[in-house]
Amino acid sequence: KITFVACSQWLENMAKKSHLIQGKTITSVPNAINTNLFKPRDKNKAREKCRLPLEKKLLLFGSVKVSDKRKGIDYLLESCNILSSSYPDFCKELGVVVVGKDAEQYASLFPFPIYPMNYVNNEKELVDIYNAVDIYVTPSLQDNLPNTIMEAMACGVPCVGFNVGGIPEMIDHLHKGYVAEYKSSEDLANGIHWTLTEGEYETLSEEACRKVMTCYSEGAIAKRYIEVYNKITNNHA
């Protein structure tokens, strides 16, 4: 008897369609995150550490390689241009933090200031970056259960992303952020604007953080695996 564990409900559902493992037990348990490290901290201090402006509303986009088309940078650019033409006054307050290789080559393409950073793999630096921004935007075109969303939400940062893969099971639409129509730059722009203006930002932030503590913390995931083992062995671990 084999039990297969996927790390998202989306992947679990995909696996259940496979002829290779029909008749097998398939469930899902997310990856865990260290919520003692990734947690809300003082925003102004984080911005000072990252040398970011204190007065801007900052969007974050991150990827190992920013120019990787699967990560959707073109959709983010188009969304920002839509925002610039639809809400010019609102956009005077905006800035974009772009983290990853090739970030600087996009500096001239955004309609408002961009703050490029090289790829960061130091977790403590990542915590500062997440805490320095107001919103995390992930226009990824294919993804499973992105750690970046988990990390941002753990730091109290609402997220906006496309309805693809495991993203909609992470971002509860209009409760922890905004799930945009797949490949719709216009709806992505709507999500950014809604999150920063119409949504109850403090509530979104608190709910995002609570979701991670409840669903993705190391303790919560350990309990999920204990449940899986108990079902397999008929024991009570």
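The values are calculated or read from the model by the stated rules, or taken from the named source; none is laboratory data. Only a predicted model underlies this, so the values are computations on that prediction, with no experimental measurement involved. Note: ideal-geometry Cβ built from the backbone for every residue, glycine included; neighbour counts use all protein chains shown. Side chains included, ligands, DNA and RNA excluded: accessible areas come from the protein's heavy atoms. Shrake-Rupley method; radii C 1.70, N 1.55, O 1.52, S 1.80 Å.
Residues that are under 22 Å from residue 32 (Cβ atoms), at least 1 per element: which strands (runs of 3 or more DSSP E) completely within segment 60-176 meet that?
135-138, 159-162
For segment 78-95, check the following and say yes or no: at least one residue is in contact with a Ser or Thr (Cβ under 9 Å, 6 or more places away or on another chain) and among the basic types (Lys, Arg).
The answer is no; no qualifying residue exists.
Sort through 134, 172 and tell me the only one that's crowded, with 17+ Cβ neighbours inside 10 Å and of a type in the set (Asp, Glu). I'd like the intermediate steps shown before the answer.
Details: 172 fails: crowded, with 17+ Cβ neighbours inside 10 Å.
Only one candidate passes the filter, namely 134.
What pairs come up if the first residue lies in segment 82-101 and is modelled with pLDDT under 95, the second is in a helix (DSSP H, G or I) and surrounded by 14 or more Cβ atoms within 10 Å (Cβ to Cβ), and their beta carbons are under 6 Å apart, counting only those six or more places apart or on different chains?
91/83; 91/84
Rundown of residues vs (1) out of contact with any Asp or Glu (no Cβ under 6 Å at 6 or more places or on another chain); (2) open to solvent by 30 Å² or more (accessible area, probe 1.4 Å); (3) under 23 Å from residue 183 (Cβ atoms), yes/no style:
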residue	(1), (2), (3)
66	no, no, yes
80	yes, no, yes
107	yes, yes, no
117	yes, yes, no
139	yes, no, yes
146	yes, no, yes
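Between a residue in segment 14-31 that is part of a helix (DSSP H, G or I) and any residue that is surrounded by 15 or more Cβ atoms within 10 Å (Cβ to Cβ), which pairs come within a Cβ distance under 7 Å, given they are 6 or more apart or on different chains?
15/4; 15/6; 15/26; 16/26; 21/4; 21/15
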